[in-house]
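*Asks:* Have a look at this one.
The values are calculated or read from the model by the stated rules, or taken from the named source; none is laboratory data. Values in this document were obtained by computation on a predicted structure and should not be read as measured data. Here the Cβ positions follow ideal geometry from the backbone for every residue, glycine too, while neighbour counts run over all protein chains shown. Just the protein is used for accessible areas: all its heavy atoms, side chains included, with ligands, DNA and RNA removed. Shrake-Rupley method; radii C 1.70, N 1.55, O 1.52, S 1.80 Å.
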Amino acid sequence: MIDLTPVYVLLGIFLLCAAASNLRRGALASAAFWGLLGTITLAADFLPAALVGLVVIAAAAIAASGRMRAALPAKDDAVQATMADAAAATGSAFGNRIFVPALLIPAITVAGVFAFKAAEHAGRALATVQHATLLALTFACIVAATAACM
């Protein structure tokens with residue numbers, strides 16, 4: 001039977017990467033929020049339930065503090081023009097291929113759900129019905145991210 005542990009490990013790593021990205025740009029509250037969530041996603045099985053609860057409460061307190069904000073856009077007209085030119089160049093370079101990763105996710109997820117539900121090994125299901133969707137979605141996101149990088 002396929003376990004969900006790799007899914008949670010990937011999610012935890014992703015959340016820690018988001019924390020590192022926020023830390024690099026100086027958004028300390030956002031970095032703490034995503035770092036806490038990434039840590040408990042990776043380590044929740046090994047931590048006491050009370051500690052996980054406290055970490056969730058701390059993350060909620062950070063979110064409720066109002067200090068988590070998106071980065072403000074540059075106010076300099078030259079920077080805004082450069083950003084607009086870069087966006088236009090990127091859009092014209094990729095054309096409609098830019099939508100391929102976004103379209104791969106639902107297509108692969110639907111196909112994967114049916115495949116995981118039907119897949120058996122030695123007479124036993126590879127995934128439970130409840131886990132099939134999450135496993136298929138994870139696989140679809142990995143394929144879409146790989147396609148986006150090409």
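*Asks:* In whole Hz and in residue order, list the ³J(HN,Hα) couplings for region 23-28 that follow from phi through the Karplus curve 6.51 cos²θ - 1.76 cosθ + 1.60, θ = phi - 60°; x for Gly and Pro.
*Replies:* Per residue, the Karplus-derived 3J(HN,Hα) values read 5, 4, 8, x, 8, 5 Hz.
*Asks:* For the chain, what does the convex hull of the Cα positions come to per residue, in cubic angstrom? Show your work: numbers first, answer last.
*Replies:* Values: hull volume 22.1 nm³, N = 150.
Here the figure is 147 Å³ per residue.
*Asks:* R0 = 35 Å: FRET efficiency of Phe114 with Thr82, Cβ-based, nearest 0.05? Each step should come with its number before you reach the end.
*Replies:* On the way: r = 47 Å, r/R0 = 1.33.
That gives a FRET efficiency of 0.15.
*Asks:* With labels modelled as points extended 7 Å from the Cα through the Cβ direction, what inter-label distance (nm, one decimal) is found for Val56 paired with Tyr8?
*Replies:* So the label points at Val56 and Tyr8 sit 1.3 nm apart.
*Asks:* For Asp85, Asp45, what's the largest-to-smallest order of accessible area, 1.4 Å probe? List each step's numbers first, then the result.
*Replies:* Details: Asp85 105, Asp45 135 Å².
Most to least solvent-accessible, the answer reads Asp45, Asp85.
*Asks:* Not counting ligands, DNA or RNA, and with a 1.4 Å probe, what is Ile142's accessible surface area in Å² rounded to the nearest 10?
*Replies:* Using a 1.4 Å probe on the heavy atoms, I get roughly 80 Å².
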